[in-house]
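Student: Okay, handing you the structure first.
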Amino acid sequence: IGAARSELSDEEYRDIVRAAIAEFGAIDHSDRDVDEFLSRVSYIHVDAKGSAGWAALKSKMRDGYVRAFYFSVAPALFGDLAERLHDHDIAQRDSRIVVEKPFGKDLETARALNATLAKHFREDQIYRIDHYLGKETVQNLMAVRFGNMLFEPLWNAQFIDHIQITVSETVGVGGRGGYYDQSGAMRDMVQNHLMQLLCLIAMEPPSKFDPDAVRDEKLKVIRALDPVEPHHLVRGQYRADGDQPDYRSAVDNPRSRTESFVALKTHISNWRWAGTPFYLRTGKRMRARSSEIAVVFKETPHSIFGPDAGSHRNALVIRLQPDEGITLDVTIKEPGPGGMRLVDVPLDMTFAEALGPDAETAPEAYERLIMDVIRGNQTLFMRGDEVEAAWSWTDPIIYGWEARNDVPKPYDSGSSGPEDALMLLHRDGRKWREIR
């Protein structure tokens, strides 16, 4: 059931859904299948701040079914919608609500949102959705870590040199300029998407694969994150590229100091990770669309092959997009005569190749997450205290920029970001993995 303020008939709404299936559907569907699906689709005009439409919506509800309400609206309307659902006895004890990011714009607003939702729904009814957590590879992070004895004994500061998390986009702000200029890459990407990837890669093994057990361990990671020093932060804005405008033109704000790129270095203060740096970066108008986590291991403590062999580090790379898969960089002898020269080669596995048709028909991220909502599984959804902890770490970074009147560094569209971001690792004798 679609419910919104626009006045549409069922058929008009079905036409919109039909067009969306044709444009965005991952697989082709027969007209018969589409027609059968659309026969179940209906639409009701409702007023989030008034009474119009709510009685009609209630009349569509049937007993014995889970009622899941997806709030694809501005956070300012969360409270109104929650109140209407309860005032009209539409929400039940086993009902669920799904809310999208942004979950506030800072700690104060996140707390207010959580308090607003808590007036009408229990925490086990609230599903804060982050589509990154629905990606097959993200879930495989836990399978790789906790399902293979090969990796977990090495998953600590003794063996791992550093970890890189990169989420790059080739697009600019597009039609989201108004929202994005009030948000920026730190709020839009780091506080949620990159933070969740960091938690999954760094958390302790949960006692069981249970929603609260997993989220308890993620929360511990966030609370153990060190504050980020100003010299460990780089922010940038993309320049124009041909007929593509620069950031400030795209958001129609010639004095904007909002970042379209962020790179940072942080540490986790616990026994497992003390001394191991975590490098995060994300940006728009970058060289390629890519999301990956690279776990870079330390060099061998002593090389038996002499100085000509060079220095080499193994790396486990988890790719989230565009080609989901896992690569393990291993060191072997370079073929041919001339002594023992070593070279790094990738052991590469893409899910599409390894799993064949099963990978091609696997649910998309949102499909998987919506099924989890219906099943009542909150493992891949953020808990309220988790969101607030993430803002507690992010806020000082943002407020520090504002206090220092920090100006983002310009970078070329189609590049890897500002030069200062490269220096962030070069100063430590490391380098970013190439974005490709």
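The values are calculated or read from the model by the stated rules, or taken from the named source; none is laboratory data. Just so it is clear, the structure is predicted and the values come from calculations on it, not from any experiment. Methodologically, a virtual Cβ is constructed for each residue, glycine included, from the backbone with ideal geometry; neighbour enumeration extends over all protein chains shown.
Student: If you scan the range 238-272, which residues turn out to be within 19 Å of ASN156 (Cβ to Cβ) and over 22 Å from the mean Cα position of the chain (by Cα)?
Tutor: Matches in the range 238-272: SER269, ASN270, TRP271, ARG272.
Student: If ALA68 meets every condition in (1) in contact (Cβ under 8 Å) with a residue 40 or more places away in the chain; (2) over 12 Å from ILE1 (Cα atoms) apart from one, which number is that one?
Tutor: Going through (1) in contact (Cβ under 8 Å) with a residue 40 or more places away in the chain; (2) over 12 Å from ILE1 (Cα atoms) one by one, ALA68 breaks only (2).
Student: Which of (1) in contact (Cβ under 8 Å) with a residue 12 or more places away in the chain; (2) more than 17 Å from GLN139 (Cβ to Cβ); (3) surrounded by fewer than 14 Cβ atoms within 10 Å (Cβ to Cβ) is the odd one out, the single condition ALA354 does not satisfy?
Tutor: (2)
Student: Would you mind finding the one in ALA26, ALA3, ALA56, ALA19 that is out of contact with any strand residue (DSSP E or B) (no Cβ under 9 Å at 6 or more places or on another chain) and either outside any loop (DSSP other than H, G, I, E, B) or at positive phi (or both)?
Tutor: When all the criteria are applied, what remains is ALA19.
Student: Quick one: in the range 248-296, of everything that is hydroxyl-bearing (Ser, Thr, Tyr) and not in a loop (DSSP other than H, G, I, E, B), which residue is surrounded by the most Cβ atoms within 10 Å (Cβ to Cβ)?
Tutor: THR282
Student: Which one is nearest to GLU169 (Cα to Cα) among residues in the range 299-350 that are surrounded by 13 or more Cβ atoms within 10 Å (Cβ to Cβ) and among the polar types (S, T, N, Q)?
Tutor: Checking each candidate, the answer is GLN321.
Student: Does the range 19-37 hold any residues that are surrounded by 11 or more Cβ atoms within 10 Å (Cβ to Cβ) and either among the aromatic types (Phe, Trp, Tyr) or within 21 Å of PHE71 (Cα to Cα) (or both), and which are they?
Tutor: Once the filter is applied, which keeps residues that are surrounded by 11 or more Cβ atoms within 10 Å (Cβ to Cβ) and either among the aromatic types (Phe, Trp, Tyr) or within 21 Å of PHE71 (Cα to Cα) (or both), the range 19-37 yields ILE21, PHE37.
Student: Run down ARG40, ARG5 and say which single residue is out of contact with any helix residue (DSSP H, G or I) (no Cβ under 8 Å at 6 or more places or on another chain) and exposed (fewer than 11 other Cβ atoms within 10 Å of the Cβ).
Tutor: ARG40
Student: Here is a further query. Scan the range 402-413 and tell me whether some residue there is surrounded by 15 or more Cβ atoms within 10 Å (Cβ to Cβ), in contact with a helix residue (DSSP H, G or I) (Cβ under 7 Å, 6 or more places away or on another chain), modelled with pLDDT of 90 or more and within 30 Å of ALA250 (Cβ to Cβ).
Tutor: Checked against the condition, which is being surrounded by 15 or more Cβ atoms within 10 Å (Cβ to Cβ), in contact with a helix residue (DSSP H, G or I) (Cβ under 7 Å, 6 or more places away or on another chain), modelled with pLDDT of 90 or more and within 30 Å of ALA250 (Cβ to Cβ), the range 402-413 yields at least one hit.
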